[in-house]
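Here is the structure we will look at.
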There are 2 protein chains.
Amino acid sequence: MKLSAIVGFLAAVPTVLAVWPLPQTFDQGSQNTGVHSINIITEGKTSPIVRGAISRYHSIVNSESFLAPADYDRETLKTSGMFAGLVVCVESNDEQLDLDTDESYTIDVPVSGKATLKAKTPYGALRGLETFSQLVTSNGYAKVIASTPIHIADAPTYSHRGLHLDTARNFYSLKSIFRTLDAMSYNKMNVFHWHIVDAQAWPVESKTFPELQEKGAYSAQMSYSYADVKQVIQYAKERGIRVIPEFDVPGHTYIVGTAFPELMSCMNKQPDWDQYAAEPPSGQLNIVKPESVEFANKIIDEYTKLFTDDIFHVGGDEVNRKCWEEDPDVKAYLKDHPNEDVESLLVDWYAKVHEHLATTGKHAYTWEETLFHSNYTPPKDTIIQTWIDGESVPKTVSKGYRVVSSNSDSYYLDCGHGAWLPNFDGNSWCDPFKTWMHVYNYDVAANVTDAKELELILGTEVALWSEQSDETVVDSRLWPRAAAMAETAWTGKKDASGKVRTTEEVASRLHEQRFRMVGRGINAEPLQPLWCARNPGACNLP
Amino acid sequence: MKLSAIVGFLAAVPTVLAVWPLPQTFDQGSQNTGVHSINIITEGKTSPIVRGAISRYHSIVNSESFLAPADYDRETLKTSGMFAGLVVCVESNDEQLDLDTDESYTIDVPVSGKATLKAKTPYGALRGLETFSQLVTSNGYAKVIASTPIHIADAPTYSHRGLHLDTARNFYSLKSIFRTLDAMSYNKMNVFHWHIVDAQAWPVESKTFPELQEKGAYSAQMSYSYADVKQVIQYAKERGIRVIPEFDVPGHTYIVGTAFPELMSCMNKQPDWDQYAAEPPSGQLNIVKPESVEFANKIIDEYTKLFTDDIFHVGGDEVNRKCWEEDPDVKAYLKDHPNEDVESLLVDWYAKVHEHLATTGKHAYTWEETLFHSNYTPPKDTIIQTWIDGESVPKTVSKGYRVVSSNSDSYYLDCGHGAWLPNFDGNSWCDPFKTWMHVYNYDVAANVTDAKELELILGTEVALWSEQSDETVVDSRLWPRAAAMAETAWTGKKDASGKVRTTEEVASRLHEQRFRMVGRGINAEPLQPLWCARNPGACNLP
């Protein structure tokens, strides 16, 4: 009896608004505001970025007829006021987008009259517009903003909330990349880490070395021209998303050897490729040859110009020593230079590449092996991307480096698909599948307590590697699991009282976000039977 | 040097034709036949099924511009003859489709002139048309049938090659079901096991009990009318696919209780649902009440008429004894009948349902628990569907029952997605993911040696349960892994010499089938980096 009384009481409480990711401060009232038409206007001069976003969100909110799954039988809400438009006020028109960009905003929705969105930068306005779009729900034949008056004050916890997409192992059309950027913006993510080339393919135009695309792209159609890349960067920027490209050196470069075999070591060793590379085909730039440094530096020269972000990823993961130890040129050189070895050659090679990158004015971004699996000491402004295990983040910040975590045990969204070598009926090293609960429960700041070290944590990145993915499956591989990471990176792990948010308490909101994304054309996968989504708590483990 | 000589030699050999599933006999020559236009004609009077299929395949072959990934750089083949049309000769116009349907066919493609497809039944003709469609590939600006003359003589190993789709936990639109049936036909599969209702929803119209759909469908839109069902049956039949519906009793019936609570036991026990059901919500037909038998029998009466196949699935899986042991009516009854118990009640209940089903002229199809986890002895014409482990098939045939295997360890294609209870960060009982290699390596006849017992094996069924699936992801969850099962069920496990076919040797053909399906609008997932598909053998485990 008591339970049903409580249930009855809860049912009478105004609808709890389910914005994803959850805003930092979210005060709501007990009235409802009718919405007859969506008009969004600006005060003062606003940037094209904001004007474009207003047009986009006007269209989204107008066409969307969204009701949370748990509200499927909600009766038409009685409204006691009427929405009279959203006024967007942006302090600055500066469209600079980097790690320091202020993404904060506030929203006030009165019971009646004009609502206000205030932001310091165009990108704060974008985040606020996304939040606003999620406040408007369907109400019978009309729309409503429930639980007014509303006051939201919001800003991200981490400045780097990324998604890593490997477009080399399998190709992704521009259309699928644009759709992914759209989906990222619905979750306030702000970094597209474009893992654009890898051992298997070089799907991007090169003006310095046209042979790379000619021989390295799967086909002319399956590659990105300069114009394509510029279009992606622009499309991303309009959604407040930075594009950081990765040109991985010296490993993962077999494809370079199809154009320039003379630069390479251990090209496509068969059948024992596993002695020379993490996966086939093997091949690494030959670190004893000055030409391989020159090649890498020319690649840096070319693509630091094409890609405008001030951070540039130079890979550095999974280099294989045996590949060089057995290389005839390396062996001959070391015979003549007994004080050197493969390790010293690699340190020297890294130094030349990183020094050159510094001359372009960009900050280096590298996989953690550059720091931990070699004797090289990267420049202190280098950002380290960790992936190997939970100790990587504390180890990185204790060395004074800034860090972004793509912990493979939590954030490798391609995992859980078993092996992909056709003569092997077994699991993959990165199985099992990372459920959204597992993604959500990861804490990048776990085991870091020092305040200065905490400041070195820039954020997190989910990764989709493409051994078993391509554009046919990209939506469901990424979403809504990437959204789970997005909330922990935006809102943080803890509520205002310091309690760690549980997956149980956020599940209903994530269901909503999943269905919202499906409505917006993103084939995010279902999390549960719809019955469970409609009956929050009824599908919990006892 | 020797290796490259061999490679050179292989390259000069005529293209190996890659039909999936592989025909039983496949002789090919060393000429190539140019194809200027696709004309398919029939000899004599043919059934509407065949005429419809000819029209479909005419359109497919005409619009398809297919080249196997490994042939990406194939030079234009020189042709020494010209295709002058396919003549389809079908002995019978009998459109009966059941376990005994003859699906055999032969195809002869001469180097020049008319090709011939001969079949005993319309459904054999359909299988042959699919094979024919896979023989035609792109050749520069034209089309070609490579490696002529071709003689194919083909027939299935197993007569039941099924796909089980759960449209209850989450809904699937007709469009997605039609697409799935198309994909099945591309792989010569012939049974759509429509798991149409379950605990979470009753998405099908009932004329006997309209309340079931009214209260049990997720919405009016998310359900199947009689007309919808008839359309699915017709669409399937036109592709040589039988539709076997499943109305699971007495377990998995919570949703019945939303309309008829008086028929039920242990309705939606919370929070300890795990004591009463394999998953929430709990609820089983109350086996002590005569009304529950009457209900089941009326369901059988209604749906054995709507669904025309002569096999009807009555579930019988995962019944929970505690659900009944604690039921007040059951307890009261057993108090008055000390010689009975829950087990005897269940046996009696099963008997009444199966006896009633027999009066409709249909054969029962049930999950293996009916046979193994109760004291009930089903009628000998019952087909048992096994899923629990590898011992289930030999156990079933040793008892003299016909069997279809959906071994969960190999054929549950939803597995590998981790847990779906939102407060549990762990794996699922049916993890890990079943790779296509794992699917392909399963042998339904393993551990069965007796010839008569082998005859009782009707075939196999992959299953897609929908706790974490719906129409947004159905293509990639099913394909191409269901195709891997399809080949083992059609062609069998062994080649003509008796050697078990390995995943290594079929990988290239499966890649082709995957890309062919993508070209035909099925978002089958990629198996490997395209580089591996283009370089057969280069991505094998050493």
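Any read-out appearing in this document is the output of simple, stated calculations on the displayed coordinates, not a laboratory observation. What you see is a predicted model, and the numbers here were worked out from it, not measured in a lab. Cβ placement follows ideal geometry from the backbone for every residue including glycine, while neighbour counts extend to all protein chains displayed.
Taken over the range A:493-511, the criterion of being facing chain B (nearest Cβ under 10 Å) and part of a loop (DSSP other than H, G, I, E, B) is satisfied by A:T502 alone.
Here A:I388 fulfils each of the conditions (1) touching a Lys or Arg at 6+ places or on another chain (Cβ under 8 Å); (2) β-branched (V, I, T); (3) within 25 Å of A:H354 (Cα to Cα) apart from (1). Per the listing A:S292, A:S282, the residue uniquely crowded, with 23+ Cβ neighbours inside 10 Å and in a helix (DSSP H, G or I) is A:S292. When residues in the range B:299-351 are screened for being within 23 Å of B:R402 (Cα to Cα), of a type in the set (G, A, S) and either free of Cβ contacts under 8 Å to residues at least 60 places away in the same chain or in a helix (DSSP H, G or I) (or both), 1 of them pass. Looking at the range A:187-200, which of the residues that are in contact with a helix residue (DSSP H, G or I) (Cβ under 6 Å, 6 or more places away or on another chain) and not polar (S, T, N, Q) is nearest to A:S80 (Cα to Cα)? The extreme case among them is A:K188.
Scanning the range B:234-256 for residues that are within 14 Å of chain A (Cβ to nearest Cβ) and in contact with a Ser or Thr (Cβ under 7 Å, 6 or more places away or on another chain) gives a single hit, B:Y254. Please give the number of the condition A:A486 fails out of (1) within 11 Å of chain B (Cβ to nearest Cβ); (2) under 22 Å from A:I60 (Cα atoms); (3) buried (at least 24 other Cβ atoms within 10 Å of the Cβ); (4) of a type outside the set (K, R). It is condition (1) that A:A486 fails. Of all residues in the range B:415-470, those that are touching a residue at least 12 places away in the same chain (Cβ under 8 Å), at negative phi and within 12 Å of chain A (Cβ to nearest Cβ) total 23.
Every condition in (1) in a strand (DSSP E or B); (2) over 24 Å from the mean Cα position of the chain (by Cα) holds for B:V111 except the one numbered (1). When you scan the range A:382-398, do you find a residue that is within 14 Å of another protein chain (Cβ to nearest Cβ) and over 18 Å from the mean Cα position of the chain (by Cα), even just one? Looking for residues that are within 14 Å of another protein chain (Cβ to nearest Cβ) and over 18 Å from the mean Cα position of the chain (by Cα), one finds none in the range A:382-398, hence no. How about the range B:194-233: which of its residues are part of a loop (DSSP other than H, G, I, E, B), within 14 Å of chain A (Cβ to nearest Cβ) and of a type in the set (A, V, I, L, M, F, W, C)? B:V197, B:A199, B:W202, B:A217, B:A220, B:M222 - these are the residues of the range B:194-233 that are part of a loop (DSSP other than H, G, I, E, B), within 14 Å of chain A (Cβ to nearest Cβ) and of a type in the set (A, V, I, L, M, F, W, C).
Of the candidates B:E455, B:E471, the single residue that is out of contact with any strand residue (DSSP E or B) (no Cβ under 6 Å at 6 or more places or on another chain), of a type in the set (D, E) and under 23 Å from B:L22 (Cα atoms) is B:E455. Among the residues of the range A:122-171, the one identified as among the aromatic types (F, W, Y), surrounded by fewer than 24 Cβ atoms within 10 Å (Cβ to Cβ) and within 30 Å of A:A227 (Cβ to Cβ) is A:F171. Just give me the residues in the range A:512-535 being part of a helix (DSSP H, G or I) and either among the hydroxyl-bearing types (S, T, Y) or at the interface with chain B (Cβ under 9 Å from one of its Cβ atoms) (or both), in sequence order. Within the range A:512-535, A:V518, A:L530, A:W531, A:C532, A:R534 qualify. A:A259 falls short of the stated requirement of being out of contact with any strand residue (DSSP E or B) (no Cβ under 7 Å at 6 or more places or on another chain) and within 14 Å of chain B (Cβ to nearest Cβ).
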